[in-house]
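*Asks:* The structure that follows is given in the form of structure tokens.
What follows is calculated from the coordinates using simple rules that are stated; it is not laboratory data. If you're wondering where the values come from, they're calculated on a predicted model, not measured in any experiment. Note that each Cβ is placed from the backbone with ideal geometry, even for glycine, and that neighbours are counted across all protein chains shown.
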Amino acid sequence: MTLFAASFIVSVLAGTFGTLVGLGGGVILIPFLTLVMDIPLPTAVALSLLSIVATSNSAATRFLSQNMVRVPVASFLELGTVLGAILGVFVSGLLPVSILFFLFGLFLLFSAYQMLKTRVEMVATLNHPLAQRLQLSEGHDQLEKVPQAWAVMLLAGVLSSVLGIGAGVFKVLAMDRMLKLPLKVSTATSNFMIGMTASASSLIFLIQGKIPVVLGVVVSLGMFCGALLGSRLVSKISNQGLRKIFTFVLILIGLQMIVRGVNGSL
Amino acid sequence: MEASKRNEMVLRFLKISNQAVLILFFLSGFILLALDHRMGEVFLYGALLMMASTPLVRSCLLVWLYTQEKRKALAWISLTTILLIFLSSVASFF
């Protein structure tokens, strides 16, 4: 009972934090489940995927009602991630994992440095022809570098398959740095997107019986409540404040990837 | 159909789905579990299945809404994504 209560509390925290930065929350939940709850890694990953769906379902309601989600952008970028993930399955044996961890860790640190340098929110000044053709932009939005953002999503999909990492951080980066959407809109749209990819995998794990039902419900409920809290916090934090939190997360994940790359090559 | 109407419909679907998962299944599942009824776990499993399938159903709804908006390219993109996820999921069973 105590462990269920602890799982619920940690899930609330993970859901709040994951919704704030648009990453889902697996970065907190998986270490807790494996190190504290002593749950095998494959089960922890399956539980994390299920909880990402809970976060996405919960956060999307608030973000949609506040008109913060760019649904056509989400639909367009999602195809890149899914294609990349499938491509990643085929090339996973061909790529040097430790070097990739190291290189993309450096890339995230560089992105964090660029984020720190950004004092003023970037605003797109022209709408890319592809955005016009696909009718991606709505209202006053302008979207720049649409093909480049899609290519980053493709790469993110490949990396999530090859390295086994969540692609949320790359989703937010692509929308913020390339499409030049406001950071709040980027994290809200990322929250909307992550549910889609996690949905299929978690359904498979559920059907295969790899998710303990009661713990799955406890974690999902926790993430659901956390996402409600997180989505309320997003509307109270300024774009610059959110940028600082996201930069901190980029540095943490970047360092973690570099360490895994160095350890793997030893 | 306008974009705001589309978002409104997606939002309504998500709210109904979330409420069904939370109230109908999670709550009744826990009550049945507390009463030591074997259907409790079945209800909770059903809730998880419903919750996990919500984003996929949401995407199918979006395909329909895009066709109503006459945004054919986006409808095809969403449909391709759903099919790719479905096919890769089926392939993972073998």
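*Asks:* Order these by the 10 Å Cβ neighbour count, fewest first: A:Met257, B:Met39.
*Replies:* B:Met39, A:Met257
*Asks:* What's the long-distance tail for the protein assembly as shown, i.e. % of Cα pairs beyond 30 Å?
*Replies:* Numbers: 21481 of 64620 pairs.
Percent of Cα pairs beyond 30 Å in the protein assembly as shown: 33.
*Asks:* In whole Å and largest first, what semi-axes does the C-alpha gyration tensor of the stretch A:39-103 yield when each eigenvalue is scaled by 5 and square-rooted? Walk me through the intermediate numbers first.
*Replies:* Working: eigenvalues 166, 75, 22 Å².
They are 29, 19, 11 Å, listed largest first.
*Asks:* Another question, then. Hey, could you get me the Stokes-Einstein D for the stretch A:1-78, Kirkwood radius over alpha-carbon pairs, 20 °C and 1.002 mPa s, rounded to whole µm² s⁻¹? Don't skip to the end; give the middle numbers.
*Replies:* Numbers: Rh = 13.4 Å.
Stokes-Einstein gives a translational diffusion coefficient of 160 µm²/s.
*Asks:* Other chains near A:58-66: what is the mean number of their Cβ atoms within 10 Å of each residue's Cβ? The partial results should precede the final answer.
*Replies:* Details: counts 4, 0, 7, 8, 2, 1, 7, 5, 0.
What the average comes to for A:58-66 is 4.
*Asks:* Which of the pairs A:Lys145/A:Lys180; A:Lys184/A:Lys244; A:Lys180/B:Lys70; A:Lys180/A:Lys244; A:Lys171/A:Lys244 have their Cα atoms more than 20 Å apart in this structure?
*Replies:* Working: A:Lys145/A:Lys180 9 Å; A:Lys184/A:Lys244 12 Å; A:Lys180/B:Lys70 26 Å; A:Lys180/A:Lys244 17 Å; A:Lys171/A:Lys244 17 Å.
Beyond 20 Å between Cα atoms: A:Lys180/B:Lys70.
*Asks:* Using the basic label-point model (7 angstrom from Cα toward the beta carbon), what is the A:Gln142 to A:Leu3 distance in nanometres?
*Replies:* 5.6
*Asks:* Along the three principal axes, how long is the stretch A:125-266 when you take its alpha carbons, biggest first, rounded to the nearest angstrom?
*Replies:* For the stretch A:125-266, the Cα extents along the three principal axes come out at 49, 42, 32 Å.
*Asks:* Residue by residue through B:75-82, how many Cβ atoms from other chains fall within 10 Å of the Cβ on average? Show your work: numbers first, answer last.
*Replies:* Details: counts 1, 1, 9, 8, 2, 4, 11, 5.
Per residue, the average neighbour count from other chains is 5.
*Asks:* Suppose R0 equals 41 Å. What FRET efficiency, 1/(1 + (r/R0)^6) with r the Cβ-Cβ distance, do B:Lys15 and A:Ile99 give to the nearest 0.05?
*Replies:* Details: r = 46 Å, r/R0 = 1.12.
For B:Lys15 and A:Ile99, the calculated efficiency is 0.35.
*Asks:* Another question about this same structure. Determine, for A:Ile251, B:Ile16, the number of other Cβ atoms within 10 Å of each Cβ, and report the residues in order from fewest to most.
*Replies:* Details: A:Ile251 17, B:Ile16 11.
Ascending Cβ contact count within 10 Å gives the list B:Ile16, A:Ile251.
*Asks:* Quick check: the distance between the Cα centres of the stretch B:1-62 and the stretch A:192-225, to the nearest angstrom?
*Replies:* 12
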